[in-house]
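The values are calculated or read from the model by the stated rules, or taken from the named source; none is laboratory data. A quick note: this is a predicted structure, and the numbers were derived from the prediction, not measured. Glycine gets a Cβ as well: all are built from the backbone with ideal geometry, and neighbour counts include every protein chain shown.
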Amino acid sequence: MLSQTEYKSDGLVSDLMKEFTLFGPSEVHSVIKGGFCISVFAVISKGQRYLLVRPASHPKWKEEWAPNWRIYSEDGVRNELEKWRFPSSYIMEGEHPDSTLERILKDQLGIERYSAGATSLLNFYEPSRRYPGQHHWDYCFVYHVQSEEMPPSSPWLAEARYFPAHEIGTVAFGSAQGAIAATLQSA
């Protein structure tokens with residue numbers, strides 16, 4: 001978990017994240033005081049194994065999938081690059097979650113053939129790192145996806161591999177990813 005001091009302080013969060021669905025307190029809208037974000041996660045399985053990716057340092061992460069890294073310190077981003085994650089992205093304002101899933105599979109992973117099954121909406125909260133004394137909420141559309149394709153090599157993925165279901169609890173996950181893993185273990 002990042003501490004309050006590990007965030008950049010040069011620029012308003014609203015300016016850095018304006019096209020993505022991460023919202024904080026607003027004078028215009030009634031928003032949860034600790035903010036919230038809306039994301040899509042692709043839980044891609046082959047039998048009892050799940051596809052996880054480890055990002056490489058590449059501008060596409062901040063531009064397209066993890067814009068919250070724009071407000072992280074260099075150490076905070078470096079920490080995220082060392083961790084595993086389910087293929088995922090923030091939803092852009094006005095974007096349907098199905099379109100976000102397609103963006104994840106085709107643009108982030110390079111997967112063209114897939115079948116999306118059950119979808120669930122998970123939400124959870126934790127103390128806000130940006131707004132002390134408040135809670136930040138995460139709303140997560142989780143798609144269960146089947147695909148025989150393996151992501152091809154790309155400059156924005158350091159590694160992609162399938163982990164056996166029984167190992168998911170031991171994986172070092174990036175921000176908000178562990179909560180998704182916990183739901184798989186309890187299913």
* Structure fact -> Residues of region 65-122 being among the aromatic types (Phe, Trp, Tyr) and within 19 Å of ARG161 (Cβ to Cβ), in sequence order, are TRP65, TRP84, PHE86, TYR114
* Could you list, in sequence order, the residues of region 140-154 that are surrounded by fewer than 16 Cβ atoms within 10 Å (Cβ to Cβ) and not acidic (Asp, Glu)? -> GLN146, MET150, PRO152, SER153
* Asked: Looking only at residues in region 153-171 that are of a type outside the set (S, T, N, Q) and assigned to a helix (DSSP H, G or I), which one is modelled with the lowest pLDDT?
  -> GLY169
* Under the condition of being not in a helix (DSSP H, G or I) and not aliphatic (A, V, I, L, M), which residue from region 172-186 is farthest from the chain's Cα centre (by Cα)? -> PHE173
* Asked: Quick check: is even one residue across region 73-90 under 23 Å from GLU126 (Cβ atoms), among the basic types (Lys, Arg), surrounded by 16 or more Cβ atoms within 10 Å (Cβ to Cβ) and modelled with pLDDT of 95 or more?
  -> yes
* **Those residues of region 134-152 which are within 18 Å of the chain's Cα centre (by Cα) and either in a loop (DSSP other than H, G, I, E, B) or without any contact (Cβ under 8 Å) to a residue 60 or more places away in the chain (or both), in sequence order** => PRO151
* **Looking only at region 113-133, and only at residues there that are surrounded by 15 or more Cβ atoms within 10 Å (Cβ to Cβ) and modelled with pLDDT under 90, the one that is farthest from the chain's Cα centre (by Cα)** => TYR131
